[in-house]
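Structure, as structure tokens:
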Amino acid sequence: MLKDPAILQRKIIHIDMDAFYASVEQRDNPELRGKPIVVGGGPEGRGGVVATASYEARKFGIHSAMTSKRALELCPEVIFIRPRFDAYKEVSGRIREIFRRYTELIEPLSLDEAYLDVTNDKCNTGSAIKIAREIKAAISDELHLTASAGVSINKFVAKIASGMNKPDGLTFIAPQDVITFMEQLPVEKFFGVGKVTADKMKKLGLFTGVDIAKLDEAALVKHFGKAGRFYYRVVRGVDERNVEPNRETKSLAAEDTFPADLTHIWEMEAELEKITTTVCHRLEKHQLAGRTITLKIKYSDFRTITRNHSFRSPVSEKSIVLETARKLLAATSPEGKAIRLLGVSVSEFGMPGRKVAGQLELF
């Protein structure tokens, strides 16, 4: 049950730009409109990963974080575009200016999405739905781009709602409908639930929120650790996280738990490449580079270790991150050890090329 009346009264909007990088490119170059384009990846599909795919490209199954080689296989006519992050950042700044007409409580998640708390909006509009409509209209009229919006009483529901009717959608989940909405939600849609966790849930007979709601908090913690506490609350419509205007990303990470333990170094290195690809895509999306790369290893007995390496200046290139992760792995003498999970994170963000005095290279 939702116990706190104040939680019911919050008005949260999640704005998510539609295929942002690709849409900016199509807006600025009329010859690209209506064509399948990919921002990111190497020329003619050689190397790199997809940062954003236009909706025309998505019809072929192309999506972000996919290798450019695979994108080219799915759509030989796809057009690869080199990212113009300065242009995207400029547009993102103008979008934020539109947000600030209504509230200062803005929590950017990246250049193309943000949470807004409009419980007490500047214009005394009083209606989060009306504000979301006006923001979408301003983005369309002034920037010639489209955005999708989710409106509800908390961040979790608003974010899921914004993706329900893309592109150019607006979805409102009323306070009295939140619990029903959560009960019908597939487990794959829950925050932090990847393929491995979703498979684990389904083996336990958990397919939707209503199934999760049947378990008490202790059972969920037993099966899913700390995340179990979050599942217990959010499936009951409770997400008390505030919109944090000064939220700062301190690290970006990705990890994977394997269906069967890895025991051979070649298996581990292959998985590290997949994980590193995801991390570097996120770095690219957020325009970040970091000085410290950390490798996380969880063994079959659930013992967990971390190893890290710091550079003099921030890095973001996949080749460097991957090589570092592989060297950190090799230093643990992994061959023959049963590894259940691998993870890679990048932290200590800064501008590439800016060195830290006295910092030594480890290898």
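Rule-based calculations on the coordinates, nothing more; no lab input. On a predicted model such as this, the values are computed, not experimentally measured, just so you know. Here the Cβ is made from the backbone with ideal geometry for all residues, glycine too, and neighbour counts use every protein chain on show.
Details
- Relative contact order for the chain: 15 percent, from Cα pairs under 8 Å spaced at least 6 residues apart, divided by residue count.
- If only the Cβ of Lys and Arg carry +1 and only the Cβ of Asp and Glu carry -1, the dipole of the chain around its Cα centre is close to 580 debye.
- Couplings 3J(HN,Hα) of the range 91-101, computed from phi: 5, 4, x, 5, 5, 4, 4, 5, 4, 5, 5 Hz, in residue order, whole Hz [Karplus 6.51 cos²θ - 1.76 cosθ + 1.60, θ = phi - 60°; x for Gly and Pro].
- Cross-linked pairs K155/K285; K298/K327; K250/K285; K130/K285; K69/K136; K200/K222: Cα-Cα separations exceed 23 Å for K130/K285; K69/K136.
- Qualifying aspartates and glutamates (Cα of each under 12 Å from Cα of K318; at least 8 residues distant if same chain): E273, E284
- All-pairs Cα distance distribution in the range 179-234, expressed in whole percent, bin size 5 Å: 4, 23, 36, 30, 7, 0
- Residue-wise HN-Hα coupling along the range 173-180, computed from phi with Karplus coefficients 6.51, -1.76, 1.60 (Hz; x: Gly, Pro): 10, 5, x, 6, 9, 4, 5, 4
- A Förster radius of 41 Å combined with the Cβ-Cβ distance from K35 to K327 puts the calculated FRET efficiency at roughly 0.50.
- Residues whose amide H comes within less than 5 Å of that of N154, counting only those at least five positions distant or on another chain, are I12 (H built at 1.01 Å from N in the peptide plane).
- Note that the range 130-135 has calculated 3J(HN,Hα) couplings of 5, 4, 4, 4, 5, 5 Hz, one per residue in order, obtained from phi through the Karplus relation 6.51 cos²θ - 1.76 cosθ + 1.60 (θ = phi - 60°); glycine and proline are x.
- According to the Kirkwood relation over distinct C-alpha pairs, the hydrodynamic radius of the range 251-349 is 13.3 Å.
- Kirkwood estimate for the range 133-246, i.e. one over the average of 1/r between Cα atoms, Å: 15.3 Å
- Magnitude of the charge dipole, the range 20-85, Cβ model with Lys/Arg +1 and Asp/Glu -1, debye to 20: 120 debye
- Note on R70/N120: beta-carbon distance plugged into 1/(1 + (r/R0)^6) with R0 of 51 Å gives a FRET efficiency of 0.60.
- Label point 7 Å beyond Cα of K222 along Cβ direction - residues of the range 231-247 with amide nitrogen under 17 Å: 231-232
- Computing FRET efficiency as 1/(1 + (r/R0)^6) for R229 and A338, where r is the C-beta to C-beta distance and R0 is 25 Å, gives about 0.30.
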